[in-house]
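Contents: one structure, followed by commentary.
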Amino acid sequence: MTKSFTKRDINSPVETKDKNFRNKLKTNVRLAPLTTFNIGGPARFYVEPSSLSDLTAAVLWALRNSVPFLILGGGSNVLVHDSGYSGLVIYTGRLNRLEAHEDTITAECGVTVDRLVDKSLEQRLTGVEFAAGMPGSTGGAVFMNARAVDRSFSDIIEKALALKVGRDAVDSTWLENNALEFSYKTSVFQKRKFLVYNVVFKLTKGSAQAIESNIRANKNLRKSKGQYLFPNAGCIFKNSRWIGMPTGKLIEELGIKGKRIGDAEIFEEHANFIINRGKASADDVYRLIKYIENRALQTKGIKLEREINLVGDW
């Protein structure tokens with residue numbers, strides 16, 4: 001059941017000396033429409049920063065009031081609990097400035113991946129076409145080092161402006177690519193208390209015709225796999241290369257494609273996707289995730305590694 005936070009829940013704690021931030025702070029905001037799964041309960045506290053100072057103020061408020069906080073971008077790769085999130089959700093949708101200079105594009109964390117791809121075509125810069133059609137924000141893509149067609153975001157990042165979160169302080173610092181600790185589907189942002197704010201992408205000049213052709217091909221590939229037919233969060237599990245096959249293929253071999261719990265279903269077109277047939281709850285999806293994990297372990301002796309992030313009190 002979706003929770004609504006009571007007035008008592010919401011009013012404690014809310015101490016802040018920053019009246020401007022306090023005026024922007026919202027309560028009891030539905031999160032389902034902000035996720036690609038279209039699932040989940042409300043945020044106890046919610047704010048939409050539109051600048052670096054806004055973002056810093058939001059994080060500081062959470063730290064000083066001992067409120068847990070979550071950075072939410074395009075809403076892909078997350079499953080929000082049916083009861084919602086009892087802390088502060090910082091939604092980055094208004095941090096969406098984007099600019100190009102010669103062979104680089106600088107994007108704030110809330111810029112959608114498709115906008116970044118469109119900008120590269122406009123500037124005739126090649127290198128990011130692999131991400132065409134990828135849901136979510138650039139901040140989220142950098143956070144998880146998103147990849148497609150054998151390329152990763154780490155391949156095209158020059159540096160990132162990060163917020164280093166201390167016990168009661170927040171400082172901004174530029175991190176070069178080699179300091180971002182990229183590896184398969186991971187980055188320093190998952191390992192340490194850094195938040196993505198601004199990212200500089202290093203690309204190369206190319207042919208507009210070739211760039212457009214590659215973008216179209218990658219979007220068509222996603223369409224051919226049915227990735228836009230139903231709400232979903234992308235791949236549920238990481239590919240474990242030692243297995244010798246993609247995780248989707250492994251799940252397919254388990255013979256469980258099409259398995260449903262409630263309105264959540266293991267997608268027939270791509271077994272590493274769970275789709276929302278319309279009224280799936282977070283609990284439906286979670287139970288299906290556990291079902292896949294148990295079958296893989298019992299049948300093949302393989303412990304799958306989740307790619308999806310669980311948000312809330314699981």
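Quick notes on this one:
- Candidate set from the range 253-279 (those that are outside any loop (DSSP other than H, G, I, E, B) and touching a Pro at 6+ places or on another chain (Cβ under 9 Å)); member that is nearest to ARG295 (Cα to Cα): ILE275
- Picking from residues in the range 213-229 that are surrounded by fewer than 14 Cβ atoms within 10 Å (Cβ to Cβ) and in a helix (DSSP H, G or I), the one that is farthest from the chain's Cα centre (by Cα) is SER213.
- Matching residues, the range 70-86, being crowded, with 20+ Cβ neighbours inside 10 Å and under 22 Å from VAL196 (Cβ atoms): ILE71, LEU72, GLY73, GLY74, GLY75, SER76, ASN77, VAL78, LEU79, VAL80, TYR85
- Residue count for the range 49-63, restricted to those that are in contact with a helix residue (DSSP H, G or I) (Cβ under 9 Å, 6 or more places away or on another chain), crowded, with 20+ Cβ neighbours inside 10 Å and not small (Gly, Ala, Ser): 2
- Cβ pairs under 7 Å, 6+ apart, first in the range 180-194 and of a type in the set (D, E, K, R), second at pLDDT 95 or above and exposed (fewer than 13 other Cβ atoms within 10 Å of the Cβ): none
- Residue count, the range 265-282 (criterion: over 14 Å from THR36 (Cα atoms) and either out of contact with any Gly (no Cβ under 8 Å at 6 or more places or on another chain) or crowded, with 16+ Cβ neighbours inside 10 Å (or both)): 6
- The residues listed here are SER120, SER183, SER154; of these, the one that is surrounded by fewer than 21 Cβ atoms within 10 Å (Cβ to Cβ) and in contact with a Leu (Cβ under 9 Å, 6 or more places away or on another chain) is SER154.
- Number of residues in the range 117-147 that are assigned to a loop (DSSP other than H, G, I, E, B) and under 12 Å from the mean Cα position of the chain (by Cα): the value is 6.
- The C-beta contact set for the range 299-314 (first residue polar (S, T, N, Q), second residue in a loop (DSSP other than H, G, I, E, B), distance under 8 angstrom, 6+ apart or interchain) comprises THR299/LEU254; ASN309/ASN77.
- Note on the range 157-180: residues that are surrounded by fewer than 14 Cβ atoms within 10 Å (Cβ to Cβ) and of a type in the set (Val, Ile, Thr) total 1.
- Those residues of the range 285-314 which are at negative phi and outside any helix (DSSP H, G or I), in sequence order: ILE302, LYS303, LEU304, GLU305, ARG306, GLU307, ILE308, ASN309, LEU310, VAL311, ASP313, TRP314
- Test: residue in the range 3-17 that is modelled with pLDDT under 95, surrounded by fewer than 14 Cβ atoms within 10 Å (Cβ to Cβ), over 13 Å from GLY75 (Cβ atoms) and in contact with a helix residue (DSSP H, G or I) (Cβ under 8 Å, 6 or more places away or on another chain): yes
- Checking ILE261 against (1) buried (at least 19 other Cβ atoms within 10 Å of the Cβ); (2) touching a residue at least 40 places away in the same chain (Cβ under 8 Å); (3) more than 22 Å from the chain's Cα centre (by Cα), the condition it does not meet: (2)
- Search result, residues across the range 264-298 that are free of Cβ contacts under 8 Å to residues at least 12 places away in the same chain and basic (Lys, Arg): LYS290
- The strands (runs of 3 or more DSSP E) located wholly in the range 17-116 that include 3 or more residues which are within 23 Å of TRP314 (Cβ to Cβ) and in contact (Cβ under 8 Å) with a residue 12 or more places away in the chain occupy 26-30, 42-47, 69-72, 78-80, 85-91.
- The range 281-314, subset within 20 Å of the chain's Cα centre (by Cα) and hydrophobic (A, V, I, L, M, F, W, C), residue farthest from GLY84 (Cα to Cα): LEU304
- Filtering the range 88-112 to residues that are touching a helix residue (DSSP H, G or I) at 6+ places or on another chain (Cβ under 7 Å) and closer than 14 Å to GLY41 by Cα leaves only LEU88.
The values are calculated or read from the model by the stated rules, or taken from the named source; none is laboratory data. Note that the structure is a prediction, hence the values are computed from the model and not measured. Note: ideal-geometry Cβ built from the backbone for every residue, glycine included; neighbour counts use all protein chains shown.
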